[in-house]
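A short worksheet on the structure shown next.
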Amino acid sequence: MKKFIITISVLAMHQMNAQIDPVKYPTFTDMESALKSKEPVYSMSFREKGLFNLPPDLKKMKALFFLNIMGNHLEKMDQELFSLTQLEILNVNENGIKYIPDEIGMLKNLTAFSMNLNSLTSINPNIAQLQKLTSVHFDANNLNVFPEALLEIPSLEEINLQGNQISFVSENLDKIKNLQYLNLSSNQINDLGKLRLPKKIKYLELQKNRISEIPVTVFRAEKLEFLNLSDNMITKIAPEVKSLKNVTSINLANNRITDLPQEFQRLKNLKTLILNGNPITQTILEKLKVMLPQTQIYF
């Protein structure tokens with residue numbers, strides 16, 4: 001799983017790099033070259049440099065908006081980071097950091113913050129001060145609850161928390177009004193309560209948990225396009241699923257489902273339905289094929 005998450009992290013970094021004009025904003029990979037630059041330094045990468053601490057002179061890079069320090073041996077977020085108040089994109093993936101210090105609130109221009117594959121057990125509440133954040137990645141840490149501070153950042157569009165030990169998810173996710181992508185896969189969730197999703201959400205990943213029931217409140221997310229509930233303990237889907245008018249893909253593989261409600265035929269945009277690994281009879285499968293002629297069913 002960790003290799004998969006690393007791949008996702010690398011892809012995310014490629015996307016971040018795509019936002020940077022390499023001519024206008026060259027990325028410096030060592031402190032000496034950056035200090036010699038006659039132009040402001042906007043982008044730096046110390047990826048896989050074997051660092052145990054950040055270079056003290058980093059604090060002189062006042063114009064820096066992109067910083068990649070992934071794949072090092074950092075055990076804490078050094079104070080030099082928090083003097084970089086123009087930072088917009090920060091990647092701290094694949095280190096050994098155990099906590100986020102209170103000073104994180106100083107980086108008020110951050111829009112993308114990634115700390116996959118560290119040793120975090122909680123997320124500092126001061127992250128709520130980062131009101132420009134649109135994307136956070138805390139995959140493959142040791143979190144056991146959904147970080148409540150994220151509920152106070154309505155600008156967030158993407159939240160990635162896969163591969164943690166989260167067992168409880170706040171029912172008030174609808175407070176994150178701009179959220180479009182939520183990944184809670186590979187956690188320990190067994191009860192979603194009366195989870196309310198933001199109206200703008202399009203992608204929801206809940207695979208590889210211990211969920212036995214999907215609350216009807218989830219089906220009120222009418223803009224949802226992609227829903228992954230595979231590898232759980234679900235036995236049935238409520239008729240309220242008919243409200244997912246924009247859904248194009250539903251993955252229900254490896255659950256305990258024996259049939260689907262007739263209301264599935266209302267999902268006119270459903271292109272892909274994955275049911276393999278469920279105790280569904282051939283008779284039921286043939287019924288579903290008739291009910292969903294526009295849908296590719298995998299069984």
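The values are calculated or read from the model by the stated rules, or taken from the named source; none is laboratory data. Note that this is a predicted model, so its numbers are computed, not measured. Counting neighbours? That spans all protein chains shown, and the Cβs are built from the backbone with ideal geometry, glycine included.
Tell me whether the stretch 141-155 contains one or more residues that are of a type in the set (Gly, Ala, Ser) and in contact with a Ser or Thr (Cβ under 9 Å, 6 or more places away or on another chain). Even if it seems obvious, please write down each step before you answer.
The first filter runs over the stretch 141-155 and keeps only residues of a type in the set (Gly, Ala, Ser), leaving 149, 155.
Among the residues that remain, those that are also in contact with a Ser or Thr (Cβ under 9 Å, 6 or more places away or on another chain) are: 155.
Yes, the stretch 141-155 contains at least one residue that is of a type in the set (Gly, Ala, Ser) and in contact with a Ser or Thr (Cβ under 9 Å, 6 or more places away or on another chain).
Contact map, the stretch 67-90: first residue closer than 22 Å to Tyr25 by Cα and assigned to a loop (DSSP other than H, G, I, E, B), second residue of a type in the set (Asp, Glu) and modelled with pLDDT of 95 or more, Cβ cut-off under 6 Å, separation 6 or more or different chains; pairs are Met70/Glu94. Criterion applied to Gln180, Gln162, Gln131 was being in contact with a helix residue (DSSP H, G or I) (Cβ under 8 Å, 6 or more places away or on another chain), in contact (Cβ under 8 Å) with a residue 12 or more places away in the chain, closer than 23 Å to Lys200 by Cβ and of a type outside the set (Gly, Ala, Ser), and the one residue passing it is Gln162.
Scanning the stretch 212-224 for residues that are out of contact with any helix residue (DSSP H, G or I) (no Cβ under 7 Å at 6 or more places or on another chain) and either over 16 Å from Asp191 (Cα atoms) or among the β-branched types (Val, Ile, Thr) (or both) yields a count of 6.
Being within 15 Å of the chain's Cα centre (by Cα) and modelled with pLDDT under 95 narrows it down to one of Val136, Val145, so name that one. Spell out the reasoning first.
Numbers: Val136 fails: modelled with pLDDT under 95.
Testing whether each residue is within 15 Å of the chain's Cα centre (by Cα) and modelled with pLDDT under 95 leaves just Val145.
Checking the condition assigned by TED's automatic domain parsing to the domain that holds Leu182 and either in contact (Cβ under 8 Å) with a residue 40 or more places away in the chain or closer than 22 Å to Ile176 by Cα (or both), which residue from Thr272, Thr281, Thr217 passes? The unique qualifying residue is Thr217. In the stretch 25-51, the residue that is surrounded by the most Cβ atoms within 10 Å (Cβ to Cβ) out of those that are under 30 Å from the mean Cα position of the chain (by Cα) and farther than 19 Å from Asn72 by Cα is Val41. Scanning the stretch 225-259 for residues that are assigned to a loop (DSSP other than H, G, I, E, B), over 14 Å from Thr272 (Cβ atoms) and either touching a helix residue (DSSP H, G or I) at 6+ places or on another chain (Cβ under 9 Å) or touching a residue at least 60 places away in the same chain (Cβ under 8 Å) (or both) returns Ile237, Ala238, Lys245, Thr258, Asp259. Here Gln19 passes the criteria (1) of a type outside the set (A, V, I, L, M, F, W, C); (2) surrounded by 21 or more Cβ atoms within 10 Å (Cβ to Cβ); (3) at pLDDT below 95 except the one numbered (2).
Among the residues of the stretch 91-106, which ones are in contact with a His (Cβ under 8 Å, 6 or more places away or on another chain) and either surrounded by 18 or more Cβ atoms within 10 Å (Cβ to Cβ) or part of a strand (DSSP E or B) (or both)?
Of everything in the stretch 91-106, those that are in contact with a His (Cβ under 8 Å, 6 or more places away or on another chain) and either surrounded by 18 or more Cβ atoms within 10 Å (Cβ to Cβ) or part of a strand (DSSP E or B) (or both) turn out to be Asn93, Asn95.
Taking the criterion of being of a type in the set (Asp, Glu) and not in a loop (DSSP other than H, G, I, E, B), would at least one residue in the stretch 49-59 satisfy it? Within the stretch 49-59 (the criterion being of a type in the set (Asp, Glu) and not in a loop (DSSP other than H, G, I, E, B)), the answer is yes, since at least one residue qualifies. The residues on offer are Lys194, Lys202, Lys208, and the sole one that is under 30 Å from Thr121 (Cα atoms), at pLDDT below 95, under 23 Å from the mean Cα position of the chain (by Cα) and not hydroxyl-bearing (Ser, Thr, Tyr) is Lys194.
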